[in-house]
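Comments concern the structure below.
The values are calculated or read from the model by the stated rules, or taken from the named source; none is laboratory data. Quick caveat: nothing in here was measured; it's all calculated off a predicted structure. Heads up, the Cβs are rebuilt from the backbone with ideal geometry, glycines too, and the neighbour counts pull from every protein chain shown.
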Amino acid sequence: MKKNLALAITGFALIAVTYGMARFSWGIMLPDIRQAVPFSTQAAGLIAACSYGAYCLSVFFASLLTQRFGPRFPAVLAALTAAAGLLILAFAPSPPVLAAGLFIAGLSSGLASPALAGAVSVGVNPERQTEVNTVINAGTSGGIILSVPVLFFVPGGWRVACAIFALLALASLIPVWRYLPRTGSAGEVAPGWRSLIHQPGMIRLSTVALVSGIASAAWWSFGPELLQRHTGLSDASTNVLWLVSGGAGVAAVFTGSLAKRIGMRGVYRGSQIFMAVSLIALALSNGFAWWLVPVVAMSGAGYVILSGVLLVQGARVTEPSPAAGVSIAFLMLAVGQIIGSVLFGQLYGFIGAVGALLAFSALSLVMLAVVPDART
């Protein structure tokens with residue numbers, strides 16, 4: 001039990017710095033960054049896509065690194081790339097340097113998830129793996145929760161915040177080195193990508209991840225920008241709502257327990273409904289209202305719960321090589337977010353926030369008819 005808890009806390013911390021800080025803090029920092037380093041809305045979508053592109057690159061190799069060197073090595077690389085990218089962001093003088101820093105920081109999250117899935121496969125009994133994986137996955141929200149007060153209260157703005165996030169990423173190396181196994185499972189094989197795609201259920205899972213990734217980019221790449229420029233909220237209100245969004249995602253720690261009661265399909269459909277309804281409500285909002293609190297909470301909880309479903313199902317589809325399945329699922333999620341970031345930025349610039357948000361909400365509604373755990 002103590003070993004499971006130590007691994008869960010370590011994984012939670014690594015996901016917090018690689019996803020919550022190195023990847024998703026970009027959204028809350030974007031309005032301030034654009035004041036210090038001006039660039040257009042279309043350019044903002046392209047810069048955000050750099051993070052997702054890096055994620056695609058690293059997640060592609062993460063399962064191979066995990067299988068060859070064990071979970072600890074790619075997890076250490078995840079912490080180091082998070083720290084390096086965040087430090088570049090802290091001193092970036094221009095949009096190209098911002099893009100470079102976001103790219104390097106984005107490598108970290110792609111390395112972290114498959115490595116941690118491999119560590120859970122090696123170190124946790126099968127009956128507890130779903131619970132531990134979903135607790136680890138909720139680290140995204142933990143990182144977001146911490147990033148908001150750092151940005152809001154620490155003097156120096158977003159540049160100092162990025163430097164603090166980099167130090168926290170380096171600090172995560174200590175538990176990673178201590179608690180993650182150095183070697184992988186002796187029974188784990190390294191299947192080729194072609195054979196992975198032909199695993200029963202993988203094509204459907206990949207489709208769900210791709211389309212869901214496109215839909216999720218509206219909030220995670222442009223959420224604070226939309227709250228300020230479309231809804232007309234102040235910086236303080238935006239920060240509070242972003243904190244609510246991240247905090248709500250912590251509910252994903254209960255994904256495993258909830259799945260035992262209503263099934264993983266029920267959890268999955270609930271996450272898609274949350275994502276769709278939140279975008280629709282945001283499209284229709286104007287000024288602050290109390291109902292924006294549950295709206296942004298649904299955005300945060302819906303995405304983190306969805307990613308937990310993809311993580312669990314990806315690990316199941318490719319047993320006994322869970323890191324490979326997680327890599328495929330999260331690769332397709334990131335490809336979708338690249339497409340979504342660029343597409344939403346273009347739609348936002350040409351047809352406005354309302355049309356772009358309604359179009360992206362429709363994607364989540366369509367996904368209600370496609371479940372990721374069907375065996376075809």
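All but one of (1) surrounded by 24 or more Cβ atoms within 10 Å (Cβ to Cβ); (2) free of Cβ contacts under 8 Å to residues at least 12 places away in the same chain; (3) of a type in the set (Val, Ile, Thr) hold for ILE262, so report the exception by its number.
So the condition that ILE262 fails would be (1).
What do you reckon, is VAL267 out of contact with any Pro (no Cβ under 7 Å at 6 or more places or on another chain), among the aliphatic types (A, V, I, L, M), surrounded by fewer than 21 Cβ atoms within 10 Å (Cβ to Cβ) and modelled with pLDDT of 80 or more?
When the stated conditions are applied, VAL267 does not pass them.
List the number of the failed condition for THR255; all other conditions in (1) closer than 29 Å to ALA119 by Cβ; (2) in contact with a helix residue (DSSP H, G or I) (Cβ under 6 Å, 6 or more places away or on another chain); (3) modelled with pLDDT of 80 or more hold.
For THR255, the failing item is (3).
Any residue that is of a type in the set (A, V, I, L, M, F, W, C), within 24 Å of the chain's Cα centre (by Cα) and modelled with pLDDT of 80 or more - is there at least one of those in segment 177-197?
So far as segment 177-197 goes, yes, one or more of its residues are of a type in the set (A, V, I, L, M, F, W, C), within 24 Å of the chain's Cα centre (by Cα) and modelled with pLDDT of 80 or more.
I need a count of the residues in segment 133-167 that are within 18 Å of SER113 (Cα to Cα), among the aliphatic types (A, V, I, L, M) and part of a helix (DSSP H, G or I). Talk me through it step by step, then tell me what you get.
Restricting attention to segment 133-167, the residues satisfying the condition of being within 18 Å of SER113 (Cα to Cα) are 133-144.
Remaining after also requiring among the aliphatic types (A, V, I, L, M): 135-136, 138, 144.
Applying the additional criterion that residues be part of a helix (DSSP H, G or I) yields 135-136, 144.
Going through segment 133-167 one residue at a time, the tally reaches 3.
When you scan segment 338-345, do you find a residue that is out of contact with any Phe, Trp or Tyr (no Cβ under 7 Å at 6 or more places or on another chain), farther than 23 Å from ASN137 by Cβ and aliphatic (A, V, I, L, M), even just one?
Scanning segment 338-345, I find at least one residue that is out of contact with any Phe, Trp or Tyr (no Cβ under 7 Å at 6 or more places or on another chain), farther than 23 Å from ASN137 by Cβ and aliphatic (A, V, I, L, M), so the answer is yes.
Filter segment 146-180 down to the residues that are within 29 Å of ARG316 (Cβ to Cβ) and among the aliphatic types (A, V, I, L, M), then identify the one that is surrounded by the fewest Cβ atoms within 10 Å (Cβ to Cβ).
VAL176
Please work out if ALA78 is crowded, with 20+ Cβ neighbours inside 10 Å, on the phi < 0 side of the Ramachandran plot and either free of Cβ contacts under 8 Å to residues at least 60 places away in the same chain or not β-branched (Val, Ile, Thr) (or both). Before you say what the answer is, go through the steps one by one.
Numbers: crowded, with 20+ Cβ neighbours inside 10 Å: yes; on the phi < 0 side of the Ramachandran plot: yes; either free of Cβ contacts under 8 Å to residues at least 60 places away in the same chain or not β-branched (Val, Ile, Thr) (or both): yes.
Yes, satisfied.
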